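This report concerns only the one structure given below.
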Amino acid sequence: MEQEFTAITSQEDFDNAVKDRLEANTAAITEEVTKRFEGYLSPDEVSKLNEKISENATTIADLTAKNKAYEISSAKMKIALESGIPFELAEKLSGETEKDIRADAEKMAKYLAKPNASPKFSSESPVKSTEEAAYLSMLKNINDR
């Protein structure tokens, strides 16, 4: 059975004639492209993933910094206890590593452990007896008048 030839005289007739072929070709190409690039990410998906990675990186950096601060604080407390430094002064220790903090603690402990080197000075000589103390007190009262 032969189809009868009809001439296409308008754009609308042409569009109707090729519509089915275009849809079939588009479906075939779409299916082929979908199979070929299965498992790959679209640019929109990549953009969303990059945003999530950026947010997570910021969170990880913050948590890492907090963790390091806690570790340093804990090391300062431990070293202060070992060095005989009061807990109130433990945070005054400086350093980023345990070795640096320990060196600073040793310096600080030297100052805290030193007894007062200068004796208390009195301009008066020590009293040797109660009688002498009484005379000195009487003399002082006379001089104050």
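The values are calculated or read from the model by the stated rules, or taken from the named source; none is laboratory data. Everything numeric in this text was worked out from a predicted model, so none of it was measured. Every residue, glycine among them, receives a Cβ derived from its backbone with ideal geometry; neighbour counts consider all protein chains shown. Side chains included, ligands, DNA and RNA excluded: accessible areas come from the protein's heavy atoms. Shrake-Rupley method; radii C 1.70, N 1.55, O 1.52, S 1.80 Å.
List of remarks:
- The residues R102, R36, sorted by heavy-atom accessible surface at 1.4 Å with ligands and nucleic acids left out, run R36, R102 from largest to smallest.
- Helices in the chain, meaning DSSP H runs of at least 4 residues, each add -39500 (n - 2.57). Divided by all residues, the mean residue ellipticity at 222 nm is -24500 deg cm²/dmol.
- V18 - accessible surface, heavy atoms, 1.4 Å probe, Å² rounded to 10: 40
- In the context of the full set of protein chains, residues of the range 34-105 present 80 Å² of accessible surface per residue (probe radius 1.4 Å, heavy atoms only).
- Calculated Kirkwood radius over Cα pairs in Å (choose from (1) 26.1; (2) 16.6; (3) 15.5), label: (1)
- Pairs beyond 22 Å (Cα-Cα), from K68/K92; K68/K99; K68/K110: K68/K110
- In terms of packing, defined here as the mean over residues of other Cβ atoms within 10 angstrom, the peptides 59-66, 3-10 line up highest first as 59-66, 3-10.
- Accessible carbon and sulfur surface of the range 12-109 relative to its total accessible area, %, 1.4 Å: 56
- Area of I142 that stays accessible when all protein chains are in place (1.4 Å probe, Å², to 10): 110
- Rolled with a 1.4 Å probe across the full set of protein chains, the surface gives T34 an accessible area near 90 Å².
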